[in-house]
Structures are given as structure tokens and as C-alpha cells.
Amino acid sequence: MISSKFKALSLLVTITALAACSPDSKKGRGVNLGNEMNFERTENTNFWVDAPSVTSSSIASYNNYGMPKSKLFNFKACVKDANGASIMERTKFRLTDEAGGSTLLTVPMDGCLYWSETHEYSILSDETFYRLRRTVVAEAPYRGSVKIDIAFNPWADGGGAIKDLRFVKLGPNEPLVDVGPISLNGGRVFAQQANPQLNLNVDSLSFEFKGLDYDNYSINSLLGLTVAHRYLIRIKPVALRKTMNKVVQPEAFIGGKMKAYFALFKENKDLTVQYSQDSLVFATEFELADDQRVGSFFTDNLIVKFDKIADMTSRTAALLTLVPVDGDATLGELSFSGVMKPGRLGSLSLVPSKVSARDFVDQDRVQRETPFKAIEAYAKHTQAKTLDLNAVQIPKWIGSKNYDPKADVQALLSGKQPANKSDLMSALCAKLYANDPTWLRPCQNKPDFHMTLELRDFVDEVLSAPRIAGLTTTHRLSMNVSYSVTESQGQSSGMSSSLRSGLGVDAGGILTGLGGLIGAVVGGPAGAAGGVAIGSSIAKILNEVGFKFSIGNDYFATTEVRSSANNSASATVSSGVDITAEGNTFQFDVAAKKCLIVTSKNHEVPVISREEKPGRAVYICANNAVKQTRTETYYLLGQNLGNNGSPFSDSDAANSTNWRMMIRGKQNALLLFDFLQKADLDIVVGKVPSTDAQSPLAKEFNTIQDFPGVLSAK
């Protein structure tokens, strides 16, 4: 009997113990426990979930710049029954997300759930927490579900990667971003973050000069020279982001490609317009590739072309813009600015800029395109009229004569002496002063005094790339000329006679170059039999032309050259200026048209009460362009100012090195060199009006002394 009772008691205890472990036991306590723990679960849920953790993480993929693009996170969350006891092994739960995804998890011996998620994130954005919502749904024998609200930091690893918002609150420096549903199967946790942007730091940009690239030199139809340099370029960009504690964290690039845009500008004293098309020297684009060194990008054999050669002799302002080639959404367009020393491109320090160099690349391409042919440019800029070759009545000693100038004009264009020189000159006066009887008769009576003829070769088309045709020549000049700068452009002999040469513009405009007078003759074209050359006095010649130079962003041209005999010797030579000029001669094939230019001379004639208005000109060209091989010598002049590193002068400044110019033509250069070393001459210059500086031809006028597109004399 005792034995039977003992067995019954044992069975009762066992059944009671099993009942205590069942999911249905102590339902009230389970609900109360859930309420006390303050986590969200459905009614009649009989389990709870501990705060999850990240046990480990690893890089799942890299972007094209060698930086982490996505990470694999291994999560752990332990589950307990309503009494706080561990869940039995092999119990199943389903984990779901808000995007409709789910996965079935099986509890191992330790009573915890394990799962993995791979998420793409923006490694280069500042650290933040993202909201990650998951729901643990019970499978039999358990029931109900528990929602887990997680703050997830994909930049961090281990315990710092997540915080369970059911149990903790984020601090004031721990921002939380809700990007909406994030899938268990992998998501872009920054997908809805507002405009993620790269904070990039590029301390410096290095240009290593590799030589002149003569194969890429070019000469356009206005005879503007474009030179080409080859460079090795290297940069080392570093991406910067902020940690949760606002500490700047650098991220190195380990591969990839970047598109770069680079623009160089003439230094401008007005910083508000520093980066403008008016100041643009050149702009180019190139691609930078990883050079197998961590964080370093380079491009080799970059060809840089520029035609504003004189502007490179002073300090310039630089812009660099970087754009990702590989399309990473976090890498936006970023720009930097710096200051480049004079001469060849070198290394420069960079700071962030709001101006993009990308905007100037197309402008540079358009700027270097020739808008006109040479003769069209001449006619447009000088407002010269086409010479009418119809027969005209000309006065004779007795009566008049009907004269047809066609044959004599064609003779001139063919390089021959006209058969009826006096009749031709009288007819040209009639053409030039057709609507001005006041000047017509004086011109016909004394054509040499009122009119100049020139025969010049205007480029129709450049047929080949330039070929170097000699060694570089260097000239060192010590200038003893005193000069003053005036803001007004007066009616001066320099202005007037530049028009007389036939290659100038109206008063107040940009003056012709030195070469405008070289081929001029009195009474006949240059080189024609019987032609008389202009006088050789240097003062006289320079009073009959205007040459140009720049000071800062302003351009100046001579208005007067006068003897300084009335000044003291010390005043004339008190300020010496050292100038270095280097010249290169190029040979090229060209198709050119011979053109006859007829222009009025500007004189104050005592017997006439008014001064002739300058700018009257007519021209006519041969019908066909002649192919020929020509040479042109280009000279670059630069002023040596002050001592290197002097605290009292700034030799690199654009507004300090006044004598900075390009000269085309050997005769032009020698004429100027001779003048610059004269101790008994003063030069007065006037500022070129800004309206002319904006002309499509301004660059050629401002940098080349001769008229654009007119070949130098052989």
C-alpha cells in the first residue's frame, strides 16, 4: 500500500512540474512581465526577446574606389519564455521586416536566435543611426509576436553597431534617421537620406613638366599660336567624414577613376570676378586613375594647350573640379581653388571652392576657335569697305578722263608695277573720298600725302601644323624709356598713323601692331618697283604705329612717342627696366590671298579748317588663295621686377610686371627692341577701351603686335 501511494505521488509531482514548464502556465505573469519590460508585443504573447547585439561584421563589397560599399552583420537575440526561462532547443521563430520579407530561425542550445543581414551604406557620409524594425513571430508551441525597434550604425562594429530603443534612449549627439522599411535580404540604409555628399580634401595638385609637345602646337587662321606642354599630374584625395562623436575620420581611396576639370585664370585684382571668361587663360579636362599607391591618383602625358602665352608669365588663379567616373552615389562633384606660380604649371595648394572648373572647358574650346578669316576680321574690325573697281572720272590738266582701274589693280595684286600709276592713285582717291568732296580734290592733287597703299598677305587657311624652324633665341634688354599711363585715349599721331598703315581701327579702339607699318610705302605697295619706303627714324616710325602691352587685366597701347630732350637726363633714365625676350620660329603651309589696302592719312592741314576723321579705308583681294610655305617668329617678352622674394615688390603679380607681351614677326621685334633701348625717347600709352577688349578679336590684338591673320613680310 505504501509503495502504491509513493508511486502516485511521484507521478503527480512529475505532471505538475511539466505543467509549470508549458507555454500556457502563468499566463498572467507572462503578460505582466511584458508590460513591465515595456516592449511591444501582441496580446497573449507568451515569450519575450532580449536586446539584440551584433556578434561580428565584415565587408561584403567594395566600391570602385576601394572603400566599403556594403557590410555583412551577424545578429544575435536571445528569447525567453514568459517566466524568463530559456527557450527549448530546436524551437522555431519567424523573423520579419516591414518590407514583407521573412526568414525562419531555429533556436540552438543556447536559446538565442541568429541571423545575418547585408546592408549597403554610405561610407563617406557622417555617422548616424538608422532605424531598423524587426518582428519575432512565434511558431508552435509558442504564440504571439514581439516587435524590436533598433538604432543601427553601419559604420560601427560589435556592441557599438546597434542599440535597442525598447530599453535605451539615444543621446543628444546620436542622430536617428528613419529611411523607411529596410529589407532582411539587404538594403541601402541611406537610400532616402537627403543628398548624401562627399567631403573631400585635396591638399595639393602636382604638375610635373615632361617637355614641350611640338606635335600638338597649332597656328590658327589669325596666326595665333597655341603651344602644348606635356605633364604628369598627381593628386592624393582623402575623403573626410565625422564619427558619432564629431571626430573627423579620414578614408583613403584605394582604386577607381576620377574625371578632372582644370582651369587657369589671369590674376584679377577684383576677386569677385576672378573666375570669369574674360580672365580665362585655358581650361582642360582629363581622367585620373589609381596609380597602385594607396590614395594616389595620376594621369601621365597630359597635353595642355594654351594660346594666352604672355598671361602665363605672371601669377594665375587655378580651379580644379573632381567628378567620379564610376558612378558612386556618394561621390558628388567637388571643386578646389589655388594659386599657380608664373611659368610652367607646377605644384599648388588647394582649398575648397564653390566655383566649378567644369563650366569653363567648353568656353575655352569656343574661345580658341577662329571666328573669322583674316580679311573678314580686318573688314569687320576696321569697318573698311570693299574697293569698287568700276570705271571712274578722274581730273586731268585739261578736262577729265574716264579711267578703268581693274588692270592696274590686278597688276598690283600680282606683284607688278601698275601701267598707269598716277591715274590709279587719282582713282583710288575718288574711291576713298567718294562722298567727301572736301578731301577728294586735295587727295587727287597730292595722293602720297593723303593716302597709303599696302600690299599684304591675308591668311585664308592654315594647311599644316607648325614645324620648329630654328633654335630658341634669347634677348636681354635694359629699357631706358620713361613712360606714363593715361586713362584716356587721345587723338595722337600714334593713333592716327596706325590707321594710315591700313591695319588699325577707329579712334579709341585697339591699335594696330608694329607690323602694320613695315610694308607700307609712299606712292606704291611694298616691294613694288619705284616704291619709296617710310623714313627710318625710330622715333618717326614709332609715332606712326602703336604697340601694346598689359598691366594686370588691362591692356594699353602707345598714343605718343616723343623725344625727351626737354627732360633732364636723370628723369629719363632714372628707372631702368630689364626685359627678357625669347623667340621661336615656326614654318607652316598656308593658303593666303594678296590684298591691297588703301587707307587715309590723318593730318591737320592748315588750309582746311577741320581735321580729317580717321578710319577711312578700302580693300580688295585676289580671287584665289595661293598655297605657300611661310615662317613666323613669335617672341615672348617678360619684365624682371625687383629681387626674388623681396618684401618690397611682387614680381609674380599680374599688375606689377608691366612689359608682358607677345610679338609676331622678326622685323616687328627688332624695331621694338631698338626702341626700348633708346635713352632719348618717352612713350605715352593709353588704356584700350573695355568694349574693344570684349571683341572676338581681342585676344589676338592684346597678345600679338601685328594685325591678326596678316603674314609677316618675307
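Remarks
- Highest mean first, the peptides 448-459, 349-360 sorted by other C-beta atoms within 10 Å per residue fall in the order 448-459, 349-360.
- Sorted largest first, extent of the stretch 193-275 alpha carbons per principal axis (Å): 61, 35, 24
- Bins of 5 Å, starting at 0 and running to the largest distance - Cα pair percent for the stretch 251-366: 2, 11, 20, 25, 20, 11, 8, 3, 0
- Whole-Hz couplings from phi, Karplus 6.51/-1.76/1.60, listed for the stretch 170-175; x for Gly and Pro: 6, x, x, 9, 10, x
- Convex hull volume of the stretch 32-145 per residue (C-alpha atoms, cubic angstrom): 120 Å³
- Summary of packing: across the peptides 583-592, 203-212, 117-126, the per-residue average of other C-beta atoms within 10 Å ranks them, highest first, as 117-126, 583-592, 203-212.
- Shape of the stretch 76-123, Cα gyration tensor, a/c cut at 1.5: prolate
- Close amide H partners of Asn655, meaning residues 5 or more places away or on another chain with modelled amide H under 5 Å apart, are Gly552.
- Additional length obtainable on full extension of the chain from Ser58 to Leu670, 0.36 nm per residue less Cα span: 213.0 nm
- Subtracting the Cα-Cα distance of Ala228 and Val366 from their residue separation scaled by 0.36 nm leaves 47.9 nm.
- Three-way shape label, the stretch 366-406, alpha-carbon gyration tensor, a/c 1.5: prolate
- Normalising by residue count, the stretch 404-472 has a Cα convex hull of 170 Å³ per residue.
- Asn623/Ala391 FRET efficiency (R0 22 Å; Cβ-Cβ; nearest 0.05): 0.65
- Highest average packing first - 56-68, 392-404, Cβ atoms within 10 Å: 56-68, 392-404
Values quoted throughout were computed directly from the atomic coordinates according to the rules given, and no laboratory measurement underlies them. All figures in this text were calculated on a predicted structure; none of them were measured in a lab. Every residue, glycine among them, receives a Cβ derived from its backbone with ideal geometry; neighbour counts consider all protein chains shown.
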